[in-house]
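*Asks:* What follows is a structure written as C-alpha cells; I'll ask about it next.
The values are calculated or read from the model by the stated rules, or taken from the named source; none is laboratory data. Just so we're clear, the structure is a prediction, and the values are computed from it rather than from any experiment. Cβ: placed from backbone, ideal geometry, glycine included. Neighbour counts: every protein chain shown. Heads up: the accessible areas ignore ligands, DNA and RNA and are worked out on the full protein's heavy atoms, side chains in. Shrake-Rupley method; radii C 1.70, N 1.55, O 1.52, S 1.80 Å.
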Amino acid sequence: MTGVGQDERTAAADTGATDDAPITVVTTRAVRRRGESWTSRVVPPAVLGAALIGLWYFITYLVLDEGRRFLMRPPHDVLQVGFFEWDNLKEMLDALLVTSRVALIGLAISIVLGMLVAVAMSQTRTVERAVFPFMVMLQAIPILAITPLIGFWFKYGTNSRVIVCVIISLFPIIVNTLFGLQSAERDMHDLFTLQHAGRLTRLRKLMFPAALPAIFAGMRISAGLSVIGAIVGDFFFGQGTPGIGQQLRKHASQLNGEQLFATVIVSCLLGVAVFLVFGWLQTLFTSKWHESTGRTR
Amino acid sequence: MRETATTLLPTAKNEGITFDAIGMTYPDGTNAIDEASFSVGAGEFVTVVGPSGCGKSTLLRIASGLLEPSSGTVDIDRNHLGYVFQDPTLLPWRTVRQNVELLAELRHVPSAERSTLANDAIEMVGLSGFEEHYPRSLSGGMKMRASLARTLTLRPPVLLFDEPFGAVDEITREHLNDQTQALFGAEGFAALFITHSISEAVFMSTRVLVMSARPGRIVSEFEVPFAYPRPPELRFDPEFAALSGLISKDLRGAHE
C-alpha cells in the first residue's frame, strides 16, 4: 500500500499542488481513472463558462435596449457592485453566514434522523410498510403552502427555517440509506446467518458498509436541497435575522439587478461547496473498494 | 493443524452428514427434491452431479439449515460447518485478509489467533502476498480462493461446496480442483460438493452421486477408486475416462 501513497504524492505534484491536500488527491485520482490530462478536464467547462458569459454580455448590450438594460446587468457591474463594494459584500456575507448555519444544522438533523428512520425501516418490514407512504407524502408536501404555517407556529427565527430545511432535505437520506441497507446480496446474508450473527453485528458489519455508497449519494442530494431549504424558509418568512432568502427578496423588489445576481451566485456557490465536501467524503470512505469512485487497477 | 481445530471447535461431535428421506416442495408448489437419503462420512468427498435446476443446491441449503426441508431430517453439526458459496461473496469493503478473518471475527475469536488462522488459510490456498488487496483488484479465480480460505479458517470438519468453480475458466478450474483435492487429502474433512462438471466430480471425489431432473432424486452412485493426492495427469487416465463415461451416461438418463 506504500505504492499508493507514492502515486498520490506524485500526482499531487503533477498538478502543481505544494502539499498533499486531500482535494487534490481526489481530483488526480479521477484524472488517472479516465486516463485524461488535467487540462482536458478543465478546458471544456472553462470554454463553456466563457461562452455563457459572452451570451450574457450579448443579451445585455445587443438584445436589450438601453432603457431595459436594468433587467440584466452586465457581469462586470455584478462583480463591481455585488462583490467589490464592501457594504454590499458585507451585507451579503452576513446573510450567507445565517443561511449556511441553517443549512448545516438542517442537513445534520436530516442525516441523523434520516439514517435512524432508514435503519428502523430496514429492521422490520412492518415499520417499513407503515412509514413509507408518509415519507413519500413528506416529500410531496407543497412546501410553499406550509412554510407560512411553520412561521406562525415556531416564529421566524433559526428554528422554523431549520424545520423547512429538514422537510426538504430528509427524504433523499431516508430513501438512499434504506436502498443501501437492502443492497447486500442474499449470499452475504447467508454467510452471516451461518455464523449465527446477531442483528446488530449484521447491521454493523454487513448492511451499513454495503450502504455507504448509497448513503453518500443521498447526502450529496440532500446537501444541495438543504441550501435551498434554508433559503426558502427565510425568503417566505421575510422576518427575523436576514439570510440569503430575504436578501434575494429585497434585491428583487428594489430592482437591484447587480446585487440580485451576486446573491444568486453566492447561494449557488454555497450549494456547490456543500456538494463537493460530501463528494470528497464519499471518495475518502469508499474509493478503495467501490466501483463508482476512485481508481481501477 | 487438527490441534487448532479441536481447540477452536471443541464440541464437534458428528463429523459427517446424513440425509434421511429429505423432500422439498417450495411454497409456490415447485417440487425441488422428491426424496433423498444418503450420508457423507468423515474423510469422504461426495459430489452430487445433476442437470441444472434439479435441486442440488437446495440440498446444501437444507444441510446448512438455511432452508427447512418439507419432510425428512438431516443429521449434521451445524456449529462446525464450512459453506463455500457459488459466488465468492467477498465483502468488497474488506481486504483479502479482513475477508478471510470474517468468520473467526463473527465467532469472537481473539484478534491475535484470528490473524494466525487467516495467515495459515491464505497460505493454504496460495494467496500469500495479496493479503492487503481489495476484492475488486483480484481475478475470478483469486476471489474464489480467498472465499475458500475464509471457509478454511475455522477448520470445519464438514465442508459444503455449492458449485463454487462454475464461473471460472477451465484452466483456473482445474487448478482449483488440484488444490481442493490436495487440501482434502491433507486435512481429511467430510465434503459435500455440488457441480455439473463430471470431470471435476471424478477428479476430486471419493464418491459421485447422480441426481435426476426435478423433482430431484439420487439415481445412481459411483465409487472413485483413485488414491490422494491425485496428480493432474489423472485426468488422462483410461480408467478416469471410463468412469466419467459411465457417469455421463447416467446423467444423460437423468435428464429425461
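*Asks:* What's the total number of residues in region B:231-256 that are touching a helix residue (DSSP H, G or I) at 6+ places or on another chain (Cβ under 8 Å) and among the aliphatic types (A, V, I, L, M)?
*Replies:* Filtering region B:231-256 for residues touching a helix residue (DSSP H, G or I) at 6+ places or on another chain (Cβ under 8 Å) gives B:232, B:234-235, B:240, B:243-244, B:247-248, B:251.
In the following step, the residues that additionally are among the aliphatic types (A, V, I, L, M) were identified as B:234, B:243, B:247, B:251.
So the count comes out to 4.
*Asks:* Going by the conditions given, is B:E200 of a type in the set (D, E) and surrounded by fewer than 17 Cβ atoms within 10 Å (Cβ to Cβ)? Step through it out loud before you land on a result.
*Replies:* Working: of a type in the set (D, E): yes; surrounded by fewer than 17 Cβ atoms within 10 Å (Cβ to Cβ): no.
No.
*Asks:* Sticking with this structure for a sec: Could you list, in sequence order, all residues of region A:61-78 that are under 30 Å from A:D94 (Cα atoms) and either in contact (Cβ under 8 Å) with a residue 60 or more places away in the chain or not in a helix (DSSP H, G or I) (or both)? It would help to see each step written out before you state the result.
*Replies:* The first filter runs over region A:61-78 and keeps only residues under 30 Å from A:D94 (Cα atoms), leaving A:69-78.
Of everything in region A:61-78, those that are under 30 Å from A:D94 (Cα atoms) and either in contact (Cβ under 8 Å) with a residue 60 or more places away in the chain or not in a helix (DSSP H, G or I) (or both) turn out to be A:F70, A:L71, A:M72, A:R73, A:P74, A:D77, A:V78.
*Asks:* So, one more: It is to be established whether one or more residues within region A:201-221 are touching a Pro at 6+ places or on another chain (Cβ under 9 Å), closer than 27 Å to A:L113 by Cβ, within 11 Å of chain B (Cβ to nearest Cβ) and not acidic (D, E).
*Replies:* yes
*Asks:* Related question: Which of (1) surrounded by fewer than 18 Cβ atoms within 10 Å (Cβ to Cβ); (2) under 13 Å from the mean Cα position of the chain (by Cα); (3) within 24 Å of A:T177 (Cβ to Cβ); (4) at pLDDT 90 or above does A:R204 not meet, given it meets every other one?
*Replies:* Here A:R204 meets the rest and fails (2).
*Asks:* When region B:29-49 is examined, which residues are found to be modelled with pLDDT under 90 and more than 16 Å from B:R217 (Cβ to Cβ)?
*Replies:* Within region B:29-49, B:G29, B:A42, B:G43 qualify.
*Asks:* Got a number for residues in region A:77-92 being within 26 Å of the chain's Cα centre (by Cα) and open to solvent by 80 Å² or more (accessible area, probe 1.4 Å)?
*Replies:* 2
*Asks:* Do we find that A:D187 is in contact (Cβ under 8 Å) with a residue 24 or more places away in the chain and among the acidic types (D, E) in this structure? If you could, list the steps in order and put the result at the bottom.
*Replies:* On the way: in contact (Cβ under 8 Å) with a residue 24 or more places away in the chain: no; among the acidic types (D, E): yes.
No, not satisfied.
*Asks:* Quick one: in region B:136-145, of everything that is part of a helix (DSSP H, G or I) and out of contact with any Phe, Trp or Tyr (no Cβ under 7 Å at 6 or more places or on another chain), which residue is farthest from B:H175 (Cα to Cα)? It would help to see each step written out before you state the result.
*Replies:* Here is the first cut: in region B:136-145, the residues part of a helix (DSSP H, G or I) are B:136-137, B:140-145.
If we keep only those that are out of contact with any Phe, Trp or Tyr (no Cβ under 7 Å at 6 or more places or on another chain) as well, we get B:137, B:140-141, B:143, B:145.
Working: B:S137: 20, B:G140: 13, B:G141: 9, B:K143: 14, B:R145: 11 Å.
The qualifying residue farthest from B:H175 (Cα to Cα) is B:S137.
*Asks:* From the residues in region A:34-66 that are open to solvent by 90 Å² or more (accessible area, probe 1.4 Å) and under 24 Å from A:E291 (Cβ atoms), which one is modelled with the lowest pLDDT?
*Replies:* Restricting to residues being open to solvent by 90 Å² or more (accessible area, probe 1.4 Å) and under 24 Å from A:E291 (Cβ atoms), the top hit is A:R34.
*Asks:* I need the strands (runs of 3 or more DSSP E) fully contained in region B:44-135, keeping only those with at least 1 residues that are under 23 Å from B:E15 (Cα atoms), open to solvent by less than 40 Å² (accessible area, probe 1.4 Å) and within 11 Å of chain A (Cβ to nearest Cβ). Write out each step before concluding.
*Replies:* Values: elements: B:45-49, B:71-75, B:81-84.
Hits in region B:44-135: B:81-84.
One line per residue, one yes/no per condition, for (1) open to solvent by less than 70 Å² (accessible area, probe 1.4 Å); (2) away from every other protein chain (no Cβ under 14 Å); (3) at pLDDT below 90:
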residue: A:R129; (1), (2), (3): no, yes, no
residue: A:T147; (1), (2), (3): yes, yes, yes
residue: A:F152; (1), (2), (3): no, yes, yes
residue: A:T158; (1), (2), (3): yes, yes, yes
residue: A:V164; (1), (2), (3): yes, yes, no
residue: A:V175; (1), (2), (3): yes, yes, no
residue: A:G180; (1), (2), (3): yes, no, no
residue: A:S183; (1), (2), (3): yes, no, no
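*Asks:* Going by the structure shown, is B:F203 farther than 24 Å from B:E239 by Cα and touching a residue at least 12 places away in the same chain (Cβ under 8 Å)?
*Replies:* no
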